[in-house]
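Report on one structure; see the data block that follows.
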Amino acid sequence: MLAIFTVVFVYGLIVLGLPFLYAGYFSKTTPPENFENFEILGSASCLCDLKVATIGDSTAIGQGSEKVLESFSGQYISKYLTQKYSKITYSNFAKSGSLVKDVLQNQISKLEPGKVDLLFVSIGANNVTSPGYLQEDYKREVTELYEKLKPLNAKIIWLSVPDFITSPILLQPLSGFLSRRGESFNKITNKVLTSHNIKLVDVFDFTRKPFQDEPNKYFSKDKYHPSKEGYGTWAEAINSVIVINP
């Protein structure tokens, strides 16, 4: 009996601890430094300006890539918006490790009505991986976050939590558990946003196949966060469902 318990205990430590030890220490990726009011010149002939901001966690700041402009919002701007606008002002207030409550407490205060036309939100992954964090708390916090963003009168592009089952460093049964938990959190987010006529961009399903087929390309060296190419697929996911025009 003791031997069985020991085997289960050791396996649990490996499954739960090794992946995050690997990602956080042995193959660490450093979050890019966020910045405010970075001006990007577009190729449009019209005198069309756009003010863009991003809030959220490590996926919003682009951890796994080398710079903020390689994050999904940075790539979406460069690939799809610079052709339509003559000048884009871009601010990224996201911070690695953030939960929804951290965005509520530390990030939305940096957003001012009239100074944001387009807002990207990517949050929830750390809530999914937080032991003991309840779905009802997530629903309450996501609803509160949206209510506090409403006065901005900005176009909101909100991304789902990605599918954890694609991460090369997460072993079963942890990867399967986090995948199912992430899917349930996405359903909550989608229900909250749909009631306010906002479409949730589904990176959970859209990016699963390429990430599973070519993990060395779409994951960064920590095998947990997306690479520049990975965030590029997130930008494609946004463009597949949302069109932004002057």
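The values are calculated or read from the model by the stated rules, or taken from the named source; none is laboratory data. Keep in mind the model is a prediction, meaning the values are calculated, not measured. With ideal geometry, Cβ positions are generated from the backbone for all residues, glycine too; neighbour counts draw on all protein chains shown.
Quick notes on this structure:
- Residue count, the range 147-190 (criterion: among the polar types (S, T, N, Q) and crowded, with 18+ Cβ neighbours inside 10 Å): 7
- Only residues that are more than 17 Å from residue 27 (Cα to Cα) and over 16 Å from the mean Cα position of the chain (by Cα) were counted across the range 203-246, and they come to 12.
- The residue pairs whose first member lies in the range 222-240 and is closer than 13 Å to residue 210 by Cβ, whose second member is β-branched (Val, Ile, Thr) and in a helix (DSSP H, G or I), and whose beta carbons are closer than 6 Å, counting only pairs six or more residues apart or on different chains, are 234/203; 237/203.
- If the condition is being under 29 Å from residue 142 (Cα atoms) and surrounded by fewer than 10 Cβ atoms within 10 Å (Cβ to Cβ), then the range 31-57 contributes only 33.
- Answer from 142, 103, 121 - the residue that is closer than 24 Å to residue 196 by Cα, outside any helix (DSSP H, G or I) and β-branched (Val, Ile, Thr): 121
- Reported count of residues in the range 168-187, each being in contact with a strand residue (DSSP E or B) (Cβ under 8 Å, 6 or more places away or on another chain) and within 27 Å of residue 119 (Cβ to Cβ), is 1.
- Complete set of residues in the range 72-94 that are outside any strand (DSSP E or B) and either aliphatic (A, V, I, L, M) or in contact with a Lys or Arg (Cβ under 9 Å, 6 or more places away or on another chain) (or both): 74, 75, 77, 81, 93, 94
- Qualifying positions in the range 191-222 - assigned to a loop (DSSP other than H, G, I, E, B) and either crowded, with 19+ Cβ neighbours inside 10 Å or not aliphatic (A, V, I, L, M) (or both): 195, 196, 197, 199, 202, 207, 214, 220, 221, 222
- Here residue 131 fulfils each of the conditions (1) crowded, with 16+ Cβ neighbours inside 10 Å; (2) more than 30 Å from residue 42 (Cα to Cα) apart from (1).
- Scope the range 44-88; condition out of contact with any Leu (no Cβ under 6 Å at 6 or more places or on another chain), farther than 17 Å from residue 232 by Cα, of a type in the set (Gly, Ala, Ser) and modelled with pLDDT of 95 or more; matching residues: 56
- Residue in the range 175-183 that is at pLDDT 95 or above, part of a loop (DSSP other than H, G, I, E, B) and among the small types (Gly, Ala, Ser) present: no
- Residues of the range 58-74 that turn out to be surrounded by 18 or more Cβ atoms within 10 Å (Cβ to Cβ) and more than 22 Å from residue 104 (Cα to Cα), as a count: 5
- Selection from the range 79-106 of residues that are crowded, with 17+ Cβ neighbours inside 10 Å and of a type in the set (S, T, N, Q): 82, 89, 91, 92, 96, 98
- Pairs linking a residue in the range 102-119 that is free of Cβ contacts under 8 Å to residues at least 40 places away in the same chain and more than 16 Å from residue 144 (Cβ to Cβ) to a residue that is of a type in the set (S, T, N, Q) and assigned to a loop (DSSP other than H, G, I, E, B), with Cβ atoms under 8 Å and 6 or more positions apart or on different chains, are 114/153.
- Flag for residue 138 being closer than 26 Å to residue 30 by Cα and in contact (Cβ under 8 Å) with a residue 12 or more places away in the chain: no
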